[in-house]
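Before any comments, here is the structure.
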Amino acid sequence: MSKRTSEDLSNAIGIPDPDNYDAEDEEEEVFEGSEFDSAADETPATGGEDFMHTDDFRRLFVGFVIVETLVAMRWLDRNWHKVVEKKLIELEEDEPYGEMIVHGGNDISREEAYSAARKDWIKQVTQVVFLLNITKVGDRACWLASILVAVDIPEGITNIGRSSFSCCSSLKDIKFPKSLTKISCCSFYDCSSLLFVDLLHTNVLELGEGAFENCTSLRKMKIPNSLQQCGGAVFGECYNLVPSDIDFYDNEAVFAYLQSIQ
């Protein structure tokens, strides 16, 4: 039988050689709950990249995102119609044939309203579309829309501007919103086909001068108790609304009569 040396025995059972041991190649294992583990947890964050991995940073980041989102949503809620209007201008998109789009800030100047190009275009309008989030129908917005028959003014609009629907000679049906508080000067002047106006469910406070003047077919008018101010000749020349024994330029007498027959 041959004899084995101690070196052979060490190689056979895989005992590591202390002289060849490299301490850096083996990581020290840390057990949960040990003193080394607790020491690691107690190490304070010192800012920089370490802070970015903490729960405080995550909460701060989420809070920032939420605030920015809410601010953006609030701005969009107030200004989206302006964004749409700007895009329409940038893309040079005209309204579809026979349709008018009423948006924020749509007052029409006297010069534009009287221009030949606008007169030719407005006479083709058969439908009015209101964008959301607006509060006023602009001055002269639909002036001279002579074949427009009906208009549904949506909730949220508080003011019908000066001469907005003046000379809409075919207009017969108007739906007013509860939010309405003002009908401006000459808003429905010379709407000669208008038969019936119901403002009873609205919150109208003011009727401007000549608001319904020369509406010669107007036969019935319901006015709300909220009405506080009236301009002159609101119902001037409305022969079928005001009896012949009442001066239709006498607002007090006209309104007393209208309230008596409601």
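The values are calculated or read from the model by the stated rules, or taken from the named source; none is laboratory data. All values reported here derive from a predicted model rather than from experimental measurement. Heads up, the Cβs are rebuilt from the backbone with ideal geometry, glycines too, and the neighbour counts pull from every protein chain shown.
Quick look at the numbers
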quantity	calculated
Complete set of residues in region 117-169 that are charged (D, E, K, R) and in contact with a strand residue (DSSP E or B) (Cβ under 6 Å, 6 or more places away or on another chain)	Lys136, Asp152
Residue match in region 214-224 (condition: without any contact (Cβ under 8 Å) to a residue 40 or more places away in the chain and within 30 Å of the chain's Cα centre (by Cα))	yes
Sole exception among (1) surrounded by 14 or more Cβ atoms within 10 Å (Cβ to Cβ); (2) modelled with pLDDT of 90 or more for Ala117, by number	(1)
Test: residue in region 198-211 that is over 20 Å from Val102 (Cβ atoms), assigned by TED's automatic domain parsing to the domain that holds Val128, crowded, with 20+ Cβ neighbours inside 10 Å and not acidic (Asp, Glu)	yes
Residue within region 163-181 that is assigned to a loop (DSSP other than H, G, I, E, B), more than 33 Å from the chain's Cα centre (by Cα) and of a type in the set (A, V, I, L, M) present	no
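Conditions (1) of a type in the set (D, E, K, R); (2) in contact with a Leu (Cβ under 9 Å, 6 or more places away or on another chain), marked per residue:
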| residue | (1), (2) |
| --- | --- |
| Cys186 | no, no |
| Asp190 | yes, no |
| Thr202 | no, yes |
| Glu206 | yes, yes |
| Asn214 | no, no |
| Gln228 | no, yes |
| Gly231 | no, yes |
| Phe235 | no, yes |
| Leu241 | no, yes |
